[in-house]
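Let me begin by presenting the structure, written as structure tokens, before commenting on it.
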Amino acid sequence: MIYKSLIRPVLFLFDAETIHHTVVRWLKLSMYVPGLLSLIRFLTKVDHPKLERELFGIRFKNPVGIAAGFDKNAEVFHPLSAFGFSHIEIGTVTPLGQPGNKRPRLFRLIKDRGIINRMGFNNKGLAAAVQRLNQKHHTIIGGNIGKNTATPNQLAIHDYEKTFEGLFDVVDYFVVNVSCPNISDLHELQDQEALTAILSRLQEMNQTKARRKPILLKVSPDLNEGQLDEVIEIVSQTKIDGVVATNTSITRHTIKLEKDKAIAIGNGGLSGMPLRDRSTEVIRYLAQKSGKAFPIIGVGGIFTPEDALEKIKAGADLVQVYTGFIYEGPLIARRINKLLLKNVD
């Protein structure tokens, strides 16, 4: 494949974050080249009624989307959708723009096909995202929302309220992010009482709307079974619409070939192939223990169509890619959808 043999080796010669911004600029430019996105869409789409999924009142053309973190500022959701993805999750969006943590903060583990990031919710803020999403489009957009780093946890609920209210008219569903390992003390909001308070408040706001929007919770792969049981209880108690499983991990024991490099990098959330099996385990546990009581979006270590199929067999209704998109290239959604088409009734 041209991407992996020629393009990726050149991209990987440069700093990971620099290349990310370069790719975003290329995608933005693609919107101004007449006919380019139509050509890409023609080459990558796999449309078939058997691939369609209807979850929480939304019809998805296929099960494959882009996870939060790639299009943080809602700048390139339109060209990304041309590559065959049924939905794009933007963000994490915070009320105010913030620079995030100091660079370098994005690192490749090429031999392990992983990434470590400690970005720190860097984004241009709520107003910038709303402005871009107000432009006419036909893409299903998920809004991943979080708190500003400077906001103390006891006031975090107000940040979630602001982003929920501000994005309400321009996204199709919400994902509440309290499990990112790169924001100081954010993990404290995973406490059952704190998390229930946030989700209950968002649901109260949701019920005042003429038409409510689905709310999902993004969960950490580092939760133990007792904590996952609490997640199931919280979903039932707050009546949110589902979960996204999983976020990045603070563990390093699944790194096989570049442990020393990972140790030298230090703190950050691990994604990619080293997360694949644990993510699937969390999906399977949540699905089986809850009796498949709620939809699950599966994320973590999806590189091949078989990886995606494994997530779906474990209990995921949709899947999302990010690190796999970087390593495997722009045809990943097409390849996954072609295999899924062969394996659906």
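Annotations
- Relative exposure of Thr94, Thr149, Thr280, judged by other C-beta atoms within 10 Å (fewest first): Thr149, Thr280, Thr94
- Reducing the stretch 14-76 and the stretch 132-197 to their Cα centroids gives an inter-centroid distance of 22 Å.
- Among the listed pairs Lys28/Lys209; Lys61/Lys136; Lys28/Lys239; Lys218/Lys261; Lys124/Lys209; Lys4/Lys61, those with a Cα-Cα distance over 30 Å are Lys28/Lys209; Lys28/Lys239.
- Those trypsin sites (Lys or Arg not before Pro) in the stretch 274-345 that DSSP places in a loop and that have at most 12 other beta carbons within 10 Å: Lys292
- Candidates Phe12, Phe107, Phe294, ranked by Gaussian network fluctuation over the chain, Cα under 10 Å, top entry: Phe12
- Low-density loop cleavage sites - trypsin sites (Lys or Arg not before Pro) in the stretch 96-205, where at most 10 other Cβ are within 10 Å (DSSP): Lys102, Lys136
- Shape annotation for the stretch 1-127: C-alpha extents along the principal axes are 45, 40, 33 Å, from largest to smallest.
- Mean separation of Cα pairs under 8 Å and 6 or more residues apart, divided by the residue count, gives the chain a relative contact order of 18 percent.
- Computed over the stretch 230-270, the range of Cα coordinates on each principal axis works out to 43, 17, 15 Å, biggest value leading.
- Extension gain, Leu341 to Lys209: 0.36 nm times the residue separation minus the Cα-Cα distance gives 43.8 nm.
- Fewest neighbouring Cβ atoms within 10 Å first, the residues Tyr285, Tyr173, Tyr3 line up as Tyr3, Tyr285, Tyr173.
- Cα radius of gyration and Dmax for the stretch 177-291 (Å): 15.7, 54
- CD proxy at 222 nm, helix term only [per DSSP H run n ≥ 4: -39500 (n - 2.57); per residue of the chain; nearest 500]: -11500 deg cm²/dmol
- Peptides 300-310, 22-32, ordered by how many other C-beta atoms sit within 10 Å of their residues on average, highest first, read 300-310, 22-32.
- Rounded if a/c under 1.5, otherwise prolate or oblate - the stretch 224-336, Cα gyration tensor axes: oblate
- Expressed to the nearest 5 percent, the antiparallel share of DSSP beta bridges inside the chain is 35 percent.
- Tail weight of P(r) past 35 Å, computed on alpha-carbon pairs of the chain, percent: 15
Any read-out appearing in this document is the output of simple, stated calculations on the displayed coordinates, not a laboratory observation. Every value quoted in this text rests on a predicted model; they were computed, and no experiment measured them. Using ideal geometry, Cβ is built from the backbone for each residue, glycine included, and neighbour counts are taken over all protein chains shown.
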